[in-house]
Amino acid sequence: MLTERQAKILKAIVQEYINSKQPVGSKKIMELLDIKASSATIRNESVVLEEKGFLEKQHTSSGRIPSTIGYRFYVDNLMELHEEKELKKYLKNLLLNRGYTVDNIIEKASEIISEMTNMTAIVARKDNTTDIKLVKIDLVPISDSMASVIFVLSNATVHQKVFNLSNVSLNDLGISIKLFSDNLINTNIQEIKNVTNKIKPELKNKVIKYEFVLESFIETILQGNDSKKDIVGMQYMLENPEFNDTNKIKNIIHLLQSVSPFDWYEASYSNQKNLNMINTKIGNEISKDIDDIAIVGTEFKTTDGKVTSLTLVGPKRVDYLQANQLVNILIEIINREGEKDE
């Protein structure tokens, strides 16, 4: 997609913009690169990179900044992780000499990494639902006006929802239970929402208040399985000049509070093969409404069988290399502690 020279120019611009927070001009690029090229050649290559969507020209400045596509190409193809021995030693000394559990290590590390990167850290915990399935649904009439629907999960958890029969008839509940039983028994609860979308048309044809019943059933089955999260270091992220705009801050805070980090990544956190992978999303890869932020995150399986994620959130102009290296060190520390427990 890019020539070797174009790739070097893009890498130089990304790294310089991360460090300086200023658009990068051709003169500065020449100082940074070890290639033989005139200022005119650098300018021409920068124009090509802009036309291809890797760079953007900011206002009337002669310099350029990376676009979302440019950052993505840098992270996927140009960023080179290298071992930071002193940094690893520093984190290990802070985290391993205090008798912390894995969860304690992740919590403390989130505070340290947030301060070091000027990014907000989100620690989210979620039950590992890979093997939890819906195994039975029962309808139990309580009185002439009340009925209970009981959902039994494969981990011996029982969830119950009491319905007022003035809102939904006993007959409609029976029809709904049969549809759920025929289509959802032995389904992993993490797939419940996807499967119920397939039976929604039939439910709509047979049940009067189908939306109310559908939402009630799903909410009851999934209760207690939502992720719980702690947000730390918001003050560090707000120190970045990109977030001087009040509306941007409101949008980002709303995103952090309303969306689970487990929904941000294509990888399934409950899939063992994806554990300890570092995921990076940039700009509108996260949300169509926000193009100003980036996230770097991973997930860990803790000793109690739950899954804990650490997600760093900051402006697109974050130091992706530093964030990835810090998270990578944390992965090594957690794996080391996990081996001790086995």
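General observations
- Candidates Asn155, Asn186: the one that is touching a strand residue (DSSP E or B) at 6+ places or on another chain (Cβ under 9 Å) and on the phi > 0 side of the Ramachandran plot is Asn186.
- Residue tally, condition surrounded by 15 or more Cβ atoms within 10 Å (Cβ to Cβ) and in contact (Cβ under 8 Å) with a residue 60 or more places away in the chain, over the stretch 221-257: 15
- Of the helices (runs of 4 or more DSSP H) lying entirely inside the stretch 42-139, those containing at least 2 residues that are assigned by TED's automatic domain parsing to the domain that holds Pro315 are 85-96, 102-117.
- Condition check for Ile331 on (1) at pLDDT below 75; (2) under 17 Å from Ile106 (Cβ atoms): one failure, at (1).
- Scanning the stretch 139-162 for residues that are over 15 Å from Leu173 (Cβ atoms) and surrounded by 11 or more Cβ atoms within 10 Å (Cβ to Cβ) turns up Val152, Leu153, Ser154, Asn155, Thr157, His159.
- Scanning the stretch 184-198 for residues that are surrounded by 14 or more Cβ atoms within 10 Å (Cβ to Cβ) and assigned to a helix (DSSP H, G or I) turns up Leu184, Ile189, Gln190, Ile192, Val195, Thr196.
- Search result, residues across the stretch 163-181 that are surrounded by fewer than 20 Cβ atoms within 10 Å (Cβ to Cβ) and part of a strand (DSSP E or B): Asn164
- Within the stretch 206-246, the set of residues being in a helix (DSSP H, G or I) and hydroxyl-bearing (Ser, Thr, Tyr) comprises Tyr210, Ser216, Thr220, Tyr236, Thr246.
The values are calculated or read from the model by the stated rules, or taken from the named source; none is laboratory data. Just so you know, these numbers come straight off a predicted model, no measurement behind them. Here the Cβ is made from the backbone with ideal geometry for all residues, glycine too, and neighbour counts use every protein chain on show.
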